[in-house]
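Dropping the structure in here first, questions after.
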Amino acid sequence: MKKLLVILVMLVAMNASGQWVTQYPYTAGVGLRDIEFINNNTGWICGDGIILKTTNMGVNWVQQIHPAPDKNLFSIHPVDSNIVFCVGWFETVLKTTNGGTNWIAIKNGTVGQGHSYNGVFFVNANTGWYAGTGNYIHKTTNGGLTFDSVYVLGDFKDIHFKDSNTGLIVGGGGSVYKTINGGTIWNSIYLPPNNYGDFRKVSVINNQYCFVVEDGKRVYKSTNYGDTWDSLGYVTGADQPYSCKFSSLQTGWVVGTFGEIFKSTNGGATWSFQYVNTSNIGWLRSLWFQNDSIGWVVGGNTKLLFTASSGATFVNPISTETPSKYSLSQNYPNPFNPTTNIKFSIVNSGDVKLVVYDIQGREVQTLVNESLKPGTYEAAFDGSTLNSGVYFYKLVTGNFTETKKMLLIK
């Protein structure tokens, strides 16, 4: 019961604090490229020389030691809480049988040489597949002791199997292949003709409904596990989408370059802009959602974002009366530990952004990023995951900009 209460308190605090919360320190040039959970609490992330694990829903992420710290690791797949596989560039295949306490290298090629692997998927502890460059899809039936290879022309990005026989693989140029015999034969699947770009991730619901997004911003859906596809919609306003993830048939997200996040609540037909981090602009690559509310996004510069509110902003309207002027009030209480409130007034309808920065000017959290009507509002900020010190919060709307200072003391 005590553990449940702690998790609930954490979710309420994060819910109150806004759209997307940063869960890991900024490291320039180090990308996080894939994220997967095995249950509500335990998950792994892989990236550029890095593997991270959480056992408490992302409250803490622990870096794990592994034998490929000089490799970009592109895909991670937990079979259960103990057995996890990870693949990356230059002939890299890693495995752990104790949850990541120890990792072994099944393959670990020389940097700059050999093929690179972008996708991995296991249906159980013994049977799995990985693929990438080099026109081969590799399969094992003994937990990675040996692999058989099948030649299939393509640059492959992601794999999904719904059982030991039936699977999908997606990749460059909008390619989709399907197998019904465990990967012995892969058949190319036709998609409606459009301006294809790469498919980097496939999102699968109930082993039946599949979604992909291509560089050209178009989203596709299959209702029969990849046999046929329809063009759903277009992610208007996106620069270059990298991945999509649907938590249910109606609710999904798209991420890509410039740290953009877009959300759909009508099955992918239309998309609305949700988030961009202006101080840490960079790509976002992979998403994982527990349900329609709780999820994570990872990307460049160790960007790791969490939401417990479906990415929505929680800002409370205090008054709908039109104020005489724009204003940003001093937070209260101040100093604070760990939560405080920020009140502001809006004269005209329009886009409003309220962002918290650390003393180095790095964005800590976006509290508000949406269109608001005239009135007075209040947003809550939770600093429970931050160190003591001086922080700044900045309000931008129309031609009005104001910044104030606040002090977190623990």
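The values are calculated or read from the model by the stated rules, or taken from the named source; none is laboratory data. Note that this is a predicted model, so its numbers are computed, not measured. Ideal geometry is used to build each Cβ from the backbone, glycine not excepted, and the neighbour counts take in all protein chains shown.
In the range 363-373, is there at least one residue being exposed (fewer than 15 other Cβ atoms within 10 Å of the Cβ) and of a type in the set (A, V, I, L, M, F, W, C)?
no
Report yes if some residue within the range 99-110 is closer than 21 Å to S286 by Cα, part of a loop (DSSP other than H, G, I, E, B) and of a type in the set (A, V, I, L, M, F, W, C); otherwise report no.
Within the range 99-110, none of the residues are closer than 21 Å to S286 by Cα, part of a loop (DSSP other than H, G, I, E, B) and of a type in the set (A, V, I, L, M, F, W, C).
Please work out if S149 is in the same structural domain as L32 (by TED's automatic domain parsing), in contact with a strand residue (DSSP E or B) (Cβ under 6 Å, 6 or more places away or on another chain) and under 23 Å from Y242 (Cα atoms).
no
If we only count strands (runs of 3 or more DSSP E) wholly inside the range 113-190, which ones have 1 or more residues that are buried (at least 22 other Cβ atoms within 10 Å of the Cβ) and at pLDDT 95 or above?
117-122, 128-132, 136-140, 156-161, 167-171, 175-179
Can you tell me which of (1) among the aliphatic types (A, V, I, L, M); (2) without any contact (Cβ under 8 Å) to a residue 40 or more places away in the chain; (3) in contact with a Lys or Arg (Cβ under 8 Å, 6 or more places away or on another chain) is the one I65 doesn't meet?
(3)
Which count do you get for residues in the range 46-80 that are over 26 Å from G114 (Cα atoms), surrounded by fewer than 15 Cβ atoms within 10 Å (Cβ to Cβ) and either modelled with pLDDT of 95 or more or not assigned by TED's automatic domain parsing to the domain that holds T141 (or both)?
So the answer is 3.
Something else: Can D292 be described as in contact with a helix residue (DSSP H, G or I) (Cβ under 7 Å, 6 or more places away or on another chain) and among the charged types (D, E, K, R)?
no
One residue is enough: does the range 379-393 have a residue meeting the conditions in contact with a Lys or Arg (Cβ under 6 Å, 6 or more places away or on another chain) and more than 27 Å from T302 (Cα to Cα)?
Looking through the range 379-393, none of the residues is in contact with a Lys or Arg (Cβ under 6 Å, 6 or more places away or on another chain) and more than 27 Å from T302 (Cα to Cα).
Against the conditions (1) closer than 24 Å to F211 by Cα; (2) touching a residue at least 60 places away in the same chain (Cβ under 8 Å); (3) in a strand (DSSP E or B), where does F273 fall short? Just the number, please.
So the condition that F273 fails would be (2).
Quick one: in the range 234-260, of everything that is of a type in the set (V, I, T) and not in a strand (DSSP E or B), which residue is surrounded by the most Cβ atoms within 10 Å (Cβ to Cβ)?
Ranking the qualifying residues of the range 234-260, first place goes to V235.
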